[in-house]
Amino acid sequence: MASMPPIKRLLAGSALTSVALAQPAAADTLQEALTQAYLYNPVLLAAQANQRATDENVPINRAQGLPSADATATYTEFVRTSTNSFTSPDRVLQIGPQLNVPIYSGGAIKNSIAAAEQRVEAGQADLRGTESALFSQVVAAYMDVLLGQAVTSLRANQIDVLQVNAQATSDRFEIGDLTRTDVAQSEARLALARGDFRNAQANLISARETYIQLVGETPDNLQPPPALPGLPENVQTAVAVALEDNPDLIAAKERAQAAGFDTEVAGSGRLPNVGVFANGGYNNYFGTLAGGQAGISQAETTANVGVQLRLPIFQGGLPAARQRQAQARETAALEQVIAAERDVIAQVRAAWSSWQASLAVIESSQVAVDAAALSLEGVRAENSIGNRTILDVLNAEQELLNSQVQLVTARRNAYVAGFTLLAAMGRAEARDLNLGDAGVLYDPELNYRRVRGKIWDWDRDPEPVAEATRTVDLPAANADIAEEDDFADRID
């Protein structure tokens, strides 16, 4: 942990003792990719820092209700005095300490603290949402790399098959067994396959670059993802869980409560304010008062205490306008709760539908792949005895390829849709993905507890240091694939 900035060590505490953070490791599994993004993605780290800034609103508002003390010192040199004044000094040093203690502020401080606390909770929910959104992007990027590798591998294999077909067709044309049309058809399909292969390579490079952007490391030999935990049995269960745990909905509710406290703060402007004060004073005339005459003190001290009452009588409608404004914002916050609820319901239902559709496509695509493979075998056999044309063989090969691409795409879509469903339910965060087993969980509550009671004016944190990894030194992604690997199996 020597390379970790002090603030991170302070907040993470002993939870990070089992993790070596000095050098990021290349991610081979989905959990490693998620862990890498969780530790070093700048978007998430910025969100954590912003939440720490939100935490400070509580002590900021609490400070308004605490005693305050200050002192002023003034040195004055009288370069010209009144000719009618016989006691004016030539110079004076004045020192005056002052203490103010607020007693009652119409509930403004109490309600502003409550509003700040609600916004801390809303911010923590937002942090959960940012975390969940990042993980959803990482999962999609991870699966896109596997999909890109699988499709590129299938396209490359198709080129190999079509090259053999084209050569065989050309040889049979040379001996008069086939026509020039058969040769042209084989060559055309081979050219199209090469174009599709280039597109697949471009898509793979794009997927790998997105992975690098999110994870901060080059995807290296990605392994099949694990089964998704906690998927619901039906859409009703998913919606019910989401309405309880979705972080965006929780944040909207917390903000609505904070807006209610803001309304009370605005209304306190018409109520009296009471405070006590104590002042002291020290004046030193340096022997120049009244010309330094004997019997006249050249230094004096004073002190006074009192109670101050401020009773607003007329402010031109300012407090009422502020309260109406706060009420309008509270109404907007309440409407946003309903909007968030609608959005969550729509997300869950759409993700459920996509997940179910992808599962059905997987099943049908697997049947199609098996049937297309059997069909291709039969068409090739029939072509060898003259019952099928070269075009029939080419079409059968294309049907098999299309079925294989559709199958691996459906597998990718099913996994991403399932994770998106978990994210909408509030079940796709670090605590849900076993990242805690590696000791990397960040708890925003630790920082809030650390700062909420601080009252020392000179207390500060270490200098800010960026913790995210940079990708400028990573090599550009390529479309290389290991020929011996079956990437279609990895995305299963």
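A few remarks follow.
- Number of residues in the stretch 26-67 that are part of a helix (DSSP H, G or I), of a type in the set (Val, Ile, Thr) and open to solvent by 30 Å² or more (accessible area, probe 1.4 Å): the value is 3.
- All positions within the stretch 384-431 that are touching a residue at least 60 places away in the same chain (Cβ under 8 Å) and polar (S, T, N, Q): THR389, GLN398, GLN404, THR409, THR420
- Some residue of the stretch 448-466 being surrounded by 15 or more Cβ atoms within 10 Å (Cβ to Cβ) and touching a Leu at 6+ places or on another chain (Cβ under 6 Å): no
- Number of positions in the stretch 115-138 that are within 23 Å of LEU228 (Cβ to Cβ) and charged (D, E, K, R): 2
- ARG449 vs. criteria basic (Lys, Arg), part of a helix (DSSP H, G or I) and at pLDDT below 90: no
- Meets criteria (of a type outside the set (A, V, I, L, M), open to solvent by 40 Å² or more (accessible area, probe 1.4 Å) and not in a helix (DSSP H, G or I)) for GLN137: no
- Scanning the stretch 154-206 for residues that are assigned to a helix (DSSP H, G or I), of a type in the set (Val, Ile, Thr) and over 26 Å from ALA488 (Cα atoms) yields a count of 3.
- Subset of the stretch 95-117 [farther than 27 Å from VAL305 by Cβ and either open to solvent by less than 30 Å² (accessible area, probe 1.4 Å) or assigned to a loop (DSSP other than H, G, I, E, B) (or both)]: ASN111, SER112, ILE113, ALA114, ALA115, ALA116
- Qualifying residues in the stretch 256-314 (those that are free of Cβ contacts under 8 Å to residues at least 24 places away in the same chain and either of a type in the set (Asp, Glu) or part of a strand (DSSP E or B) (or both)) - the one most open to solvent (accessible area, probe 1.4 Å): THR301
- Checking the stretch 363-377 against the condition returns a match, with at least one residue being open to solvent by 70 Å² or more (accessible area, probe 1.4 Å), closer than 30 Å to ASN165 by Cβ, of a type in the set (D, E, K, R) and without any contact (Cβ under 8 Å) to a residue 24 or more places away in the chain.
- Close contacts from the stretch 143-171, counting a first residue that is touching a residue at least 24 places away in the same chain (Cβ under 8 Å) and open to solvent by less than 20 Å² (accessible area, probe 1.4 Å) and a second that is among the acidic types (Asp, Glu) and not in a helix (DSSP H, G or I), with Cβ to Cβ under 9 Å and a gap of 6+ residues or different chains, come to GLN149/ASP485; ALA150/ASP486.
The values are calculated or read from the model by the stated rules, or taken from the named source; none is laboratory data. Just so it is clear, the structure is predicted and the values come from calculations on it, not from any experiment. With ideal geometry, Cβ positions are generated from the backbone for all residues, glycine too; neighbour counts draw on all protein chains shown. For accessibility, only protein heavy atoms count, side chains too; no ligands or nucleic acids. Shrake-Rupley method; radii C 1.70, N 1.55, O 1.52, S 1.80 Å.
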